[in-house]
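Notes to accompany the following structure.
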Amino acid sequence: MSKRVLVTGGAGFLGSHLCDRLIADGHEVICLDNFFTGKKKNIAHLLSNPNFELMRHDVIQPIYAEIDWIFNFACPASPVHYQRDPVRTIKTNVMGALNSLGCAKQNNARVLQASTSEVYGDPKVHPQPENYRGAVNPIGIRACYDEGKRTAETLFFDYHRQHGLDIRVVRIFNTYGPRMTANDGRVVSNFIMQALRGEDITVYGDGKQTRSFCYVDDLIDGIVKMMNVENFTGPVNIGNPGEFTMLELAELVLKLTGSKSKIIHQPLPSDDPTQRCPVIDLAKEKLGWEPTVKLEDGLKVTIKYFRENYL
Ligand code: NAD
Ligand code: UDP
């Protein structure tokens, strides 16, 4: 059945793909964004669609809308951006969660939180299942994001227990694909842009740290399945369990772009997690979801996007 849906952060990388999918599924979408890292270009093709509406708004302020579903995606996801104004990042996470929950309560709506693998911090358990409680440095430079997202999860579960609110919490692992911005600072966009421009590939530290990369279409599919499932709050990991070192990623990007760029090493930022890989048994069991796109295939599409849009 068609729903009225609010997507906060809807002009960002993931939010804009989510808006596309919801429109394609026949829903009415209100895209809320303050354009901190989002781009009008990401949603320009939707502006003339009668089922799409754009609301310029900051989630730090109360949200008023008549809706059936809320996806709370507003928050810069790249360390470069979320560390630029850390106080604003934590406000976005905490006030944004409170205001999304308040709006959901007002409407008796279902509300989904875009949480993150960062709630596991620099994990001491590997790979990470949902019942692992994490190892986060509460006073480090990543804490504005990590602790903000952890507090948001707390708020979601307290609203659920205290007010009976219909919540969904998804822990998203590193996701990549078209519409990431070239200067976003995340590893996939950095390596691709550096390779395409013939610049040095900047591997931080020894490059042996690992990440697990999920292609955006797989991720959105998992998110939509989670919103549609009954009687399951999560938290649930959504990510691709294929695990790669940053050196392996750099080599793969060099191979796929045919670039002659050199790999150089730069200092590792503090609190950079040494390894990250999701256990996705719960998503398989409860949502019948698992990723289907191999890193090499997803990177080819992403490289094409960067070539066409940024060179
Ligand atoms: P993004 O930076 O591309 O998008 C974030 C969007 O939120 C942007 O459009 C930005 O303008 C908007 N925004 C930021 N602060 C806002 C505010 N105060 N009010 C209104 N809008 C605001 O990032 P993304 O990769 O699309 O991430 C989206 C969500 O998914 C974030 O909540 C992020 O924490 C989460 N997430 C993403 C990943 C990933 O790998 N992409 C991993 C884990 C979690
Ligand atoms: N990284 C890197 N070179 C870059 C950008 C990032 O080696 O130019 C590393 C970074 O130190 C981290 C990993 O790549 O270990 C993933 O970084 P990203 O910022 O994409 O995401 P996150 O650390 O939040 O997972």
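The values are calculated or read from the model by the stated rules, or taken from the named source; none is laboratory data. Keep in mind the model is a prediction, meaning the values are calculated, not measured. With ideal geometry, Cβ positions are generated from the backbone for all residues, glycine too; neighbour counts draw on all protein chains shown.
For the stretch 179-216, the candidate set comprises residues that are assigned to a strand (DSSP E or B) and away from ligand 1 (no atom under 15 Å from the Cβ); within that set, the residue that is farthest from P273 (Cα to Cα) is I201.
Of the listed requirements (1) in contact (Cβ under 8 Å) with a residue 40 or more places away in the chain; (2) over 21 Å from L219 (Cβ atoms), Y120 misses just one: (2). Of the residues that make up the stretch 254-277, is at least one within 30 Å of N137 (Cα to Cα), out of contact with any Asp or Glu (no Cβ under 9 Å at 6 or more places or on another chain), outside any helix (DSSP H, G or I) and within 15 Å of ligand 1 (Cβ to nearest atom)? Within the stretch 254-277, none of the residues are within 30 Å of N137 (Cα to Cα), out of contact with any Asp or Glu (no Cβ under 9 Å at 6 or more places or on another chain), outside any helix (DSSP H, G or I) and within 15 Å of ligand 1 (Cβ to nearest atom). Restrict the check to the stretch 103-110 and report whether at least one residue is part of a helix (DSSP H, G or I), more than 24 Å from L219 (Cα to Cα) and near ligand 1 (Cβ under 9 Å from one of its atoms). Within the stretch 103-110, none of the residues are part of a helix (DSSP H, G or I), more than 24 Å from L219 (Cα to Cα) and near ligand 1 (Cβ under 9 Å from one of its atoms).
Could you tell me whether R150 is part of a helix (DSSP H, G or I), without any contact (Cβ under 8 Å) to a residue 40 or more places away in the chain, within 16 Å of ligand 2 (Cβ to nearest atom) and out of contact with any Asp or Glu (no Cβ under 8 Å at 6 or more places or on another chain)? It is true that R150 is part of a helix (DSSP H, G or I), without any contact (Cβ under 8 Å) to a residue 40 or more places away in the chain, within 16 Å of ligand 2 (Cβ to nearest atom) and out of contact with any Asp or Glu (no Cβ under 8 Å at 6 or more places or on another chain). Under the condition of being surrounded by 15 or more Cβ atoms within 10 Å (Cβ to Cβ) and out of contact with any strand residue (DSSP E or B) (no Cβ under 8 Å at 6 or more places or on another chain), the residues counted in the stretch 279-300 number 1.
The set of residues in the stretch 31-59 being hydrophobic (A, V, I, L, M, F, W, C) and over 19 Å from the mean Cα position of the chain (by Cα) consists of A44, L46, L47, F52, L54, M55.
When we screen T245, T292 for residues that are closer than 25 Å to T181 by Cα, within 15 Å of ligand 2 (Cβ to nearest atom), β-branched (V, I, T) and modelled with pLDDT of 95 or more, the only hit is T245. Of the residues making up the stretch 1-40, those that are under 19 Å from H81 (Cα atoms) and in a helix (DSSP H, G or I) number 5. Count of the stretch 53-85 residues, restricted to those that are more than 9 Å from ligand 1 (Cβ to nearest atom), closer than 25 Å to D158 by Cα and either small (G, A, S) or surrounded by fewer than 18 Cβ atoms within 10 Å (Cβ to Cβ) (or both), is 5.
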